[in-house]
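S.K.: One structure, as structure tokens, below. Some questions next.
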Amino acid sequence: MAGQMRKALTYKLVLLGDAGVGKTAIAVQFVKGQFNPFLESTIGASFMNQTVTLPDETLIKFQIWDTAGQERFHSLAPMYYRGAQAAIVVYDITNRNSFEKAKEWIKELQQQGDPNVVVAFVGNKVDMPEARKIQPSEGESYASENGLFFIETSAKTAENVSELFMKIAKQLPSIQRQKDITSGPSNPGVKPGVGAPSKGKGGCCG
Amino acid sequence: MDILSGVFSRVRSISNPAPAPPRGPNVAANFDSRTTSLARKPSDTSIPEPPKIQIQPTADTQQDIVKLSVLKSMAFSPCITLQAKEHVQVSLQHLDNLKCGTLTIRGRVWLLRMRAGRDQMQQRRDTQCYQRLKKAQVSPIHLDQIQKDLDRTYPQYAIFHEATFQKAMSDVLHAIAAYRPEVGYCQGMGYIVGFLNTLMTEEDTFWFVIQMMDKLGMSNYWSPSLTALPKSFFLIEKLIDTHLPRLGRHFKETGMCPSMYATPWIMTLFLYNYSIPFVTRLWDLILYEGLYYVYVIALSILTAHEEDMLTMQMEDLMSLLQPSSRRGEKEQDVEEVLRRANRMKFSVHASLVKFEDQWLQQQLTKEGMSMHATI
């Protein structure tokens with residue numbers, strides 16, 4: 001009962017990556033604990049939320065923005081990653097192009113996103129080892145060069161999916177606390193419920 | 001480009017008398033002058049005159065003939081009579097019995113409306129055109145994406161999983177990408193193609209979509225840079241602020257903006273958001289009134305939820321407005337949505353004309369924070 005009384009810290013998280021790499025599947029597995037091989041293509045973006053509890057009882061609520069993967073929807077992406085405190089960049093371990101595309105997303109986030117954003121570099125579809133094209137070492141080394149954390153997941157079997165979000169959650173409050181300390185009391189710190197695109201600088205509706 | 005062309009056609013209609021419509025009551029023949037611009041005038045009566053469409057008699061059954069006559073007179077009306085209801089409305093059960101690629105009565109009415117019939121389109125005179133196009137060379141990027149999306153389009157409808165149906169969808173999308181390489185394939189087009197293919201043949205579907213690009217201006221929404229989408233977001237936000245001011249304020253306070261929920265309204269003309277029976281009725285009116293009716297319907301839907309939404313925070317608002325997750329749940333009465341839309345259309349249309357000008361001013365002067373600058 002006491003747990004329900006506590007206010008969750010709310011963070012905005014965005015999923016980015018090429019079409020068909022499993023962004024929606026990862027989000028649905030995390031939020032609903034289900035896998036559906038015939039999830040619809042995402043048109044525009046979709047929204048979900050889920051709360052996790054850290055070992056120290058901190059509640060972290062993720063507002064998850066799942067974006068469309070097709071290249072032409074790329075121009076909409078800044079509306080979703082702007083103001084996000086966390087980003088999951090996904091590629092498909094059976095598809096080289098999607099790996100290259102994921103690296104482009106990382107570059108864009110480094111240039112355009114919030115410098116404090118927690119970025120996870122995720123190789124999905126490890127349930128298909130026979131079709132693997134990207135070795136874990138390759139993903140890992142790219143991630144470490146760029147200061148990201150790396151994990152391989154299967155949205156199908158749920159392998160490492162909740163671990164992915166827990167790992168992000170654990171990094172978030174510490175960053176926030178650091179920020180609060182360095183910027184002093186004038187910094188409002190975490191604002192629960194804030195993080196929608198329009199609240200950010202240069203909101204999506206101008 | 002679409003902005004200019006929209007304004008151009010409006011200016012033309014003001015400065016010069018509109019080109020005299022062809023004689024006779026054939027609505028299909030008047031189509032061009034009615035639907036190219038968003039700012040087309042709504043029909044003058046509160047209940048539009050039912051369009052009279054000439055349809056060549058074919059080997060119809062008696063039942064078909066009745067349905068045809070009802071659809072011809074009633075489908076485009078926002079206020080169908082009780083007797084017409086069973087003919088005009090589509091049931092899910094009906095959908096289960098669908099055979100893909102068969103020309104239905106509604107398909108015939110729509111084809112005429114869109115001027116996509118064989119004898120209405122110059123390009124269709126070449127009967128081999130479509131056959132060649134579906135085998136023509138197309139960028140592998142498009143083909144790959146089309147294949148990826150086949151299983152991911154309307155997965156809840158059995159017919160969309162059938163191999164022959166998927167083959168037809170893939171062929172039509174291939175042909176579109178070949179015919180309109182500057183548009184190629186855009187996610188969301190699969191919904192349009194699949195839906196139309198439940199009402200008409202594969203070749204009809206292809207030409208219908210081409211007419212949607214040209215006559216309704218959909219190519220501007222599906223183009224690689226989604227050119228017209230920012231304008232749509234701008235228009236929707238302005239319309240909400242004007243016609244539902246309480247909701248407009250609440251949306252701002254909760255951080256809601258059209259880019260979060262309205263993309264599929266525009267890009268799939270509601271197919272991504274609602275069930276096929278529901279959207280079929282919306283399309284009856286959109287095809288009759290023109291693309292501006294998408295905004296009228298959007299406002300009608302928002303109005304129905306307004307009181308509920310005023311008490312919701314962003315997360316609940318999103319789950320209410322969000323596509324697909326709610327499809328198949330209890331939907332609003334579509335006829336009520338259309339009746340309400342009909343009551344609002346004049347004022348919404350007037351606002352749209354004004355806001356389109358504002359948008360254009362923003363674009364021309366580069367003042368303020370236009371969508372383009374934001375993106």
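The values are calculated or read from the model by the stated rules, or taken from the named source; none is laboratory data. This structure is a prediction, so every number in the text was calculated from the model and none was measured. Cβ atoms come from the backbone with ideal geometry, glycine included; neighbour counts cover every protein chain shown. The area values use the complete protein model at the heavy-atom level, side chains included, leaving out ligands, DNA and RNA. Shrake-Rupley method; radii C 1.70, N 1.55, O 1.52, S 1.80 Å.
S.K.: Let me spell it out: the conditions are (1) buried (at least 21 other Cβ atoms within 10 Å of the Cβ); (2) out of contact with any strand residue (DSSP E or B) (no Cβ under 9 Å at 6 or more places or on another chain), and A:Ile88 meets all of them except one. Which number is the exception?
M.R.: Result: A:Ile88 passes all but (2).
S.K.: Tell me, which strands (runs of 3 or more DSSP E) lie completely within the range A:62-173 with 1 or more residues that are touching a residue at least 12 places away in the same chain (Cβ under 8 Å), within 14 Å of chain B (Cβ to nearest Cβ) and more than 14 Å from the chain's Cα centre (by Cα)?
M.R.: A:86-92
S.K.: Does the range B:169-178 include one or more residues that are more than 14 Å from chain A (Cβ to nearest Cβ), acidic (Asp, Glu) and not in a loop (DSSP other than H, G, I, E, B)?
M.R.: yes
S.K.: Return the residue satisfying two criteria in turn: it lies in the range B:149-166 and is more than 24 Å from the chain's Cα centre (by Cα) and in a helix (DSSP H, G or I), and of such residues it is nearest to the other protein chains (Cβ to nearest Cβ).
M.R.: B:Ala163
Residues checked against (1) in a helix (DSSP H, G or I); (2) without any contact (Cβ under 8 Å) to a residue 60 or more places away in the chain; (3) under 21 Å from B:Gly194 (Cβ atoms):
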| position | (1), (2), (3) |
| --- | --- |
| B:Asp241 | yes, yes, no |
| B:Tyr272 | no, no, yes |
| B:Trp283 | yes, no, yes |
| B:Ala304 | yes, yes, no |
| B:Met309 | yes, no, no |
| B:Asp316 | yes, yes, no |
| B:Gln332 | no, yes, no |
| B:Lys345 | yes, no, no |
| B:Val348 | yes, no, no |
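S.K.: Before we move on, is B:Gly217 touching a Leu at 6+ places or on another chain (Cβ under 8 Å), away from every other protein chain (no Cβ under 11 Å), open to solvent by 10 Å² or more (accessible area, probe 1.4 Å) and under 29 Å from B:Leu360 (Cβ atoms)?
M.R.: So B:Gly217 passes the test.
S.K.: Applying the selection to the range B:185-210, what residues are open to solvent by 10 Å² or more (accessible area, probe 1.4 Å) and either within 14 Å of another protein chain (Cβ to nearest Cβ) or not charged (D, E, K, R) (or both)? Talk me through it step by step, then tell me what you get.
M.R.: Kept after step one, since they are open to solvent by 10 Å² or more (accessible area, probe 1.4 Å), are these residues of the range B:185-210: B:199, B:201-204.
Listed by number, the residues that qualify are B:Leu199, B:Thr201.
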